[in-house]
Amino acid sequence: MEELQDASIHHTAAKLINTIKTLKNYEPLYENVQKLVCSPSVDRNDMCNTLEEAIKNAGLETEIRNIIFHLVRSKLKPEEKPSQININDPLAYLKRAGVQWDRRVRKSLNAMCSELKMASQGQPRISTDRDELLSKWDELSNYTIDLANYRPVYAPKDILDVLLSLKGPTKAAENTEFVQVPKWEFSHISLPVKNLFELRNHYSDLLRTESYAGSSDMNLQCQRVLESKHAPLCQHLLRKGNTPAPYRGALWSFVLGSHVNSFDIEHWNRLKANVLATDHIVDKLVFKDIQLTASNDDQYFVFEDVLYQVLLCFSRDTEIAQMIQFEHYPIKGKSYEAPPSGVVPFHGICMFAATFCYLFDSPINLYFTFRAFYIRYCHRLTTINTHPQGIVSICLLFEKLLQTHEPQLWSHFRELQIQPIRVVFKWLMRAFSGHLPPDQLLVLWDLILGFDSLEILSIFAIIILSFRKESLMQVNSLDSIEAILADLSSVQVLPLVQLALSRD
Amino acid sequence: MTQESIRRSNASYSNMYGRVNQNMTHERMKVYFCTDLDKSVLVNNFEKRGWSQVSADDDWNFYWAGVQTCRNIFSVDSGYRMNDNQMINHFPNHYELSRKDLLVKNIKRYRKDLERDGNPLAEKTDVNWSGGGCSTRYLYLDFIPVTFVLPADYNMFVEEYRKNPQSTWIMKPCGKSQGAGIFLINKLSKLKKWSREAKGAFHPQIAKESYVISRYIDNPLLIGGKKFDLRLYVLVTSFRPLKAYLFKQGFCRFCTVKYDTSMTELDNMYVHLTNVSVQKHGGEYNSLHGGKWSVQNLALYLEGTRGKEVTDRLFGAISWLIVHSLRAVAPVMASDRHCFECYGYDIIIDNNLKPWLVEVNASPSLTSTTVTDRILKYKLIDNILSVVLPPDGVPDVRWNKIPSADALGNFELLIDEELAAQEEAQNSQQNKNSKSMGGNRWK
C-alpha cells in the first residue's frame with residue numbers, strides 16, 4: 001500500500017514536472033533559476049542545498065508553489081479517453097445529453113450563419129470596418145452595427161428545458177402512467193450531492209465566530225497575506241466573507257493565478273488584432289448580449305465599453321478551448337464548428353464579466369481574471385455536465401435541500417405544479433450575476449473562490465426562498481412567485497448563508 | 001408599483017375635492033399640507049403620515065412651495081405671518097447659495113474674511129501653469145473652479161486667462177438651470193464675438209443677463225471612459241447655528257457620449273454636460289437607468305480599483321466642500337426657524353480625485369426618470385420629513401431641531417454647530433484644568 005502511494009506520488013510529481021515545462025511561465029522561471037545558479041550565493045560544491053536556499057530567498061519558491069497549486073486544482077485530472085466509454089456508466093445518458101446539447105448550440109449558431117450569409121469561421125474584415133473598429137476600440141458603444149437579425153443563441157430557460165427533459169435509463173418507463181404529474185425532479189439522477197451536515201463541514205470556517213475579525217484587523221491580514229504571495233493563504237482569507245474591497249482584486253488574482261505577465265499582454269494584443277482582422281458572427285452576438293443586459297443595467301451600464309473589448313477578445317481566445325475540460329461521448333451525426341474560444345455566447349454571458357469591472361480598471365487585468373473564473377466556474381454552470389459542481393449537481397442539491405429543509409414550500413410548489421427549480425434557475429446559472437447588487441455579489445463570489453465550490457449557490461438560493469416563504473405560501477402562480485423573488489437589492493449574503501448552514 | 005401609485009394619486013384627488021374640515025377642533029393633532037408641485041413622491045409621503053391637503057389660502061402646517069411662492073410669503077407686502085406650527089421648504093433668500101454668481105461672491109468673501117482673521121484655513125499656495133503663468137490658490141478652500149462674473153469682472157478674467165491661455169472656460173447664465181444657455185470658450189476672440197452679438201439688437205434679453213465664466217475642469221475622472229458628475233442631496237434645517245445633513249444615496253450622472261477634448265467636440269454639449277435634462281435629448285439616452293449610477297457603486301468601484309485611503313479622502317473632501325459652502329452663506333442667510341431646505345449639490349471629480357463644486361440647486365428635480373430613481377426620491381422626501389419634524393410629527397418652531405439617530409434615516413449629520421458647541425462646553429467642563437483640544441472637526 002505504502003509503495004503504491006509512493007509510486008503514485010512519484011507519478012504525480014513526474015506528471016507535474018512535465019506539465020510545468022509546457023507552461024508559458026516556465027521559460028521566465030527557468031531563466032531566473034539559471035541566473036541564481038550563477039550568483040555567488042550558490043556554491044558549486046553544495047549545489048543542491050545552496051540553490052534551494054537561493055530559490056527560497058529570491059521568492060521563487062512561492063512562485064513555484066503557486067504554480068503547483070494551480071496545476072493540481074485544474075490540469076491534473078485523469079484524462080478521459082473518448083474511445084473507452086463504460087457502457088455501464090450510470091451517467092452515460094447525462095454525458096450524452098451534454099454532448100448533444102453542445103452540438104445543438106453549435107448547430108444553431110451555424111444555422112444563423114447560413115441564414116445571414118456569414119462564414120461560420122469568420123471572414124476577413126473589410127478595411128473601412130476595421131478602421132472604424134480600431135478608432136472606436138475604447139468607445140465601442142459608438143460602433144454601430146445593425147443587430148436586428150441577431151438573437152441570443154440560448155438563454156437559461158433553454159438549458160433548463162433540456163435539463164427537465166432528461167430521462168434516466170430506468171426512469172423512462174415509469175413516468176408514462178402519471179402524465180399529470182410534471183416530470184420535474186432531478187432525484188433520479190445518480191450524481192452524489194452533499195447533505196446539510198456535509199455542507200456544514202465543508203463551510204465550517206463560515207460558522208466560526210472568530211471569523212468576525214474587526215475590519216482594521218482584516219485589512220492588516222490582507223496586507224500580510226498579499227505580501228506573502230501564497231495563493232492558498234489568499235484563498236483561505238476569502239473564506240471569511242468580509243474581504244475589504246481594496247484587496248479583493250489582488251486576492252482573486254492570486255487564487256486564480258491570473259496575474260498579468262508580459263506574455264499575457266502579447267496574448268491580449270494578438271486577440272485584439274484577431275478581432276480587428278476577422279469579422280465573426282460571435283462579434284454580433286457579443287454586441288447583442290451586452291446591449292440586452294449590461295447596457296440597460298443601472299449597476300453596470302458605465303462599464304459597457306470595457307465589456308465589449310473583453311468579450312470580443314474572449315471569443316477569439318483558443319486557449320480557453322484548450323483549458324476547458326469538455327466531457328466526451330461518442331454520438332453519431334455531423335459535428336459543427338464552434339467559435340475559436342469553444343464557447344458559444346449565450347444570453348447573459350457578459351454579466352459574468354461585468355462583476356469584474358468593480359475590481360479592475362484595466363481591461364487586460366480584468367480579462368485574465370475573468371477568463372480564469374469563467375473556465376473554472378462559469379463553464380460548469382452553462383453547459384450540461386456531470387461535474388460534482390456542474391449545473392445539474394447544483395440543481396439537484398437545491399432540490400434535495402428544499403425537499404428536506406423546506407417541506408412546506410416543497411409541497412406548495414408541488415400542489416401548484418410549478419417546478420421550484422424554474423424560479424431559481426437563472427440565479428444558479430448566472431451565479432447570481434445581474435441579480436444581486438455588486439457589493440453583495442462580490443461577497444458571494446469571495447465564498448465561491450474561498451471554498452472553491454459552487455455549492456454555495458444552492459445554499460443561498462434556498463435561504464432566499466426560506467426568507468420569503470410567508471409571501472410565497474400566499475401566492476398561486478409562477479408570475480407572482482417570480483415577482484416576490486425579483487428584487488434582491490436588500491439581501492445580505494454573509495448572514496443569510498451563515499443562517500442557512502446553522503439551522504436544523 | 002405603478003398601479004399602486006395611481007391608486008394613491010387618485011386617493012389624493014378625492015381628498016382634494018372632498019374638502020377638509022374647516023372647524024379644526026383637533027388643530028394641534030391634524031397636519032394640513034399644501035404643495036405647489038403635484039408630485040406623487042411628495043403627496044404619497046404626506047398622505048402616508050395621515051396629513052390632509054389644503055389650498056394655499058387655507059390654514060396649512062406644511063407647505064412644499066415653489067421658490068416664487070416662498071418669496072411672496074416672506075415679502076413684506078404679503079403681510080403673511082407664519083405661526084409656530086408652520087413650516088416651509090425654502091429659506092427666503094436661498095439664492096445666495098443657488099445663484100451661480102452669488103455663490104461665487106459669497107465664497108470669495110468667506111475666504112477673504114478668514115484670511116483677514118489670520119485663520120490657518122485661508123492659507124494660500126502658488127500654482128504654476130505649463131505655459132509659464134502662475135496663479136495663487138487657497139490650499140484648503142480651493143473647491144470651486146476659478147470663476148468670474150461677466151460683464152462685471154471682465155478685466156480680472158482676462159488677466160487670469162492670459163496666465164494660462166491653453167485652458168478652456170465655460171460660460172453659464174446666472175439665472176438659468178438644467179444646462180440652458182451654457183457654452184464653452186477656448187479663445188478670447190470667441191468671447192469678444194459673443195459679447196458683440198449679445199449687445200446687438202437681436203438679443204436684448206441676453207444683454208441684460210449676467211454670466212459666470214469658470215475654468216473648465218478639463219481633467220475629469222472618467223469611469224468606463226465616460227464623464228459624469230455627482231448629484232448629492234443636502235438638507236439644511238438651520239443656518240445659524242448651522243445644521244446640515246447629507247443624504248447617503250446620491251448618484252452619478254453620466255454623459256451618454258464618450259468624452260473627447262478635440263476641438264470638433266467642443267460644441268457637442270452632450271459630451272460636456274451631464275444634466276439629465278440635457279442628456280435626455282441625446283440620441284443614446286437609456287430610459288432604464290437614465291445614465292444614473294449610485295454613489296455606493298462609485299465608492300465600491302473606487303475602493304476596488306484605487307484603494308480605501310484615496311476613496312475616503314475624496315468623500316471627506318466632498319463633506320468639507322459642502323460644509324464650507326454653507327458656512328460661506330450662513331451670515332447672509334435669513335435663518336428663519338420656519339424654514340428648511342433640501343439642496344441638490346452638483347459636484348465634478350477630477351482625475352486626481354479632487355471634488356469641485358459646480359453649482360447648488362434649491363429646487364432639485366423630484367421627477368423620477370427610472371424605477372430606482374423613484375424609490376430614491378420617495379425615500380429622500382420621507383427622510384427629509386422625519387428630520388425636519390419634531391418627534392410628534394407636528395411642525396413646531398419651538399423644537400430644538402436635534403433629531404434622534406433613528407429619525408435620520410439615510411441622512412448623515414454633516415455639521416450641527418449647536419451640538420458641537422454643547423459637546424465642547426461639556427468637554428471643557430470635564431477638563432477644566434487641561435487645555436481643550438479643538439473639538440469640532442470642521443474648524
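Numbers at a glance
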{"read-out": "Charge context of A:VAL344, other residues only, Cβ under 15 angstrom, K/R +1, D/E -1", "value": "+2"}
{"read-out": "Cleavage-rule hits, chymotrypsin sites (Phe, Trp or Tyr not before Pro), the stretch B:113-182, DSSP coil, Cβ neighbours within 10 Å at most 13", "value": "B:TRP129"}
{"read-out": "Delta accessible area of at least 50 Å² on complex formation, residues of the stretch A:296-315, 1.4 Å probe, chain isolated as reference", "value": "A:ASN296, A:ASP298, A:PHE301, A:VAL302"}
{"read-out": "Dipole magnitude of the protein assembly as shown, debye to nearest 20 (Cβ charges: Lys/Arg +1, Asp/Glu -1, about Cα centre)", "value": "1260"}
{"read-out": "Cα gyration tensor shape of the protein assembly as shown, rounded if a/c is under 1.5, else prolate or oblate by comparing a/b with b/c", "value": "prolate"}
{"read-out": "Unit charges on C-beta of K, R, D, E only; dipole of chain A, Debye", "value": "1120"}
{"read-out": "Loss of accessible area when A meets B, both sides summed, Å² nearest 100, probe 1.4 Å", "value": "2000"}
{"read-out": "Backbone HN-Hα couplings from phi across the stretch B:230-245 [Karplus 6.51/-1.76/1.60, Hz, Gly and Pro as x]", "value": "9, 10, 10, 9, 10, 9, 10, 9, 6, 9, 9, x, 6, 10, 9, 9"}
{"read-out": "Mean separation of Cα contacts under 8 Å, 6 or more apart, over the residue count of chain A: relative contact order %", "value": "20"}
{"read-out": "For the stretch A:351-373, residues shielded by at least 20 square angstrom of accessible area compared with the chain on its own, probe 1.4 Å", "value": "A:TYR358, A:LEU359, A:ASP361"}
{"read-out": "Share of carbon and sulfur in the accessible heavy-atom surface of chain A [1.4 Å probe, %]", "value": "52"}
{"read-out": "Where chain A is the region considered: accessible area per residue in Å², 1.4 Å probe", "value": "47"}
{"read-out": "Long-range amide H partners of B:TRP60 with built H, under 5 Å", "value": "none"}
{"read-out": "Selection from A:ILE462, B:CYS252, A:SER253, by position along the positive dipole direction of the protein assembly as shown (Cβ)", "value": "B:CYS252"}
{"read-out": "Where A:GLU27, A:GLU406, B:GLU115 fall by accessible area, highest first, once all protein chains stay in place (1.4 Å)", "value": "A:GLU27, B:GLU115, A:GLU406"}
{"read-out": "Cα centroid of the stretch A:193-209 to Cα centroid of the stretch B:54-75, whole Å", "value": "62"}
{"read-out": "Relative contact order (percent, whole number), the stretch B:286-443, Cα cutoff 8 Å, 6+ residue spacing", "value": "17"}
{"read-out": "Net charge, B:ARG337 excluded, C-beta distance under 14 Å - Lys, Arg +1, Asp, Glu -1", "value": "0"}
{"read-out": "Where labels lie 7 Å past Cα in the beta-carbon direction, separation of B:THR168 and B:LEU139 in nm", "value": "3.2"}
{"read-out": "Spin-label pair A:LYS24/A:SER262, simplified geometry with 7 Å Cα→Cβ offset, distance in nm", "value": "1.4"}
{"read-out": "Number of partner chain Cβ atoms within 10 Å, mean per residue of B:302-314", "value": "4"}
{"read-out": "Rounded, prolate or oblate (a/c below 1.5 giving rounded, otherwise prolate when a/b exceeds b/c) for the stretch B:295-389 by Cα gyration tensor", "value": "oblate"}
{"read-out": "Largest-first principal axis extents, alpha carbons of chain A, Å", "value": "81, 62, 52"}
{"read-out": "Structure-based [θ]222 nm, the protein assembly as shown - -39500 (n - 2.57) summed over DSSP H runs of at least 4, per residue, nearest 500", "value": "-14500 deg cm²/dmol"}
{"read-out": "Solvent-free Debye scattering, log10 I(q)/I(0), computed from the Cα coordinates of the stretch B:32-88 at q = 0.28 Å⁻¹", "value": "-1.25"}
{"read-out": "Residue-averaged beta-carbon neighbours from other chains (10 angstrom radius) around A:245-251", "value": "4"}
{"read-out": "Pairwise FRET efficiency - A:MET47 versus A:ILE17, Cβ, R0 = 22 Å, nearest 0.05", "value": "0.75"}
{"read-out": "At least 40 Å² of accessible area lost relative to the chain alone, listed for the stretch A:422-442 with a 1.4 Å probe", "value": "none"}
{"read-out": "If the convex hull is drawn through the Cα atoms of the stretch B:106-203, its volume per residue in Å³", "value": "122"}
{"read-out": "With 10 Å bins from 0: P(r) over the stretch A:360-504, alpha-carbon pairs, percent", "value": "11, 41, 35, 11, 3, 0"}
{"read-out": "Mean separation of Cα contacts under 8 Å, 6 or more apart, over the residue count of the stretch B:32-88: relative contact order %", "value": "40"}
{"read-out": "Cβ-derived FRET efficiency at R0 56 Å, A:ALA277 paired with B:GLU418, nearest 0.05", "value": "0.25"}
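The values are calculated or read from the model by the stated rules, or taken from the named source; none is laboratory data. This one's a predicted model, so the numbers in the text were calculated from it and none came from an experiment. When we count neighbours, we look across all protein chains shown, and the Cβ atoms used for this are built from the backbone with ideal geometry, even at glycine. For the accessible areas, the whole protein counts, side chains as well, though only heavy atoms, and no ligand, DNA or RNA atoms are used. Shrake-Rupley method; radii C 1.70, N 1.55, O 1.52, S 1.80 Å.
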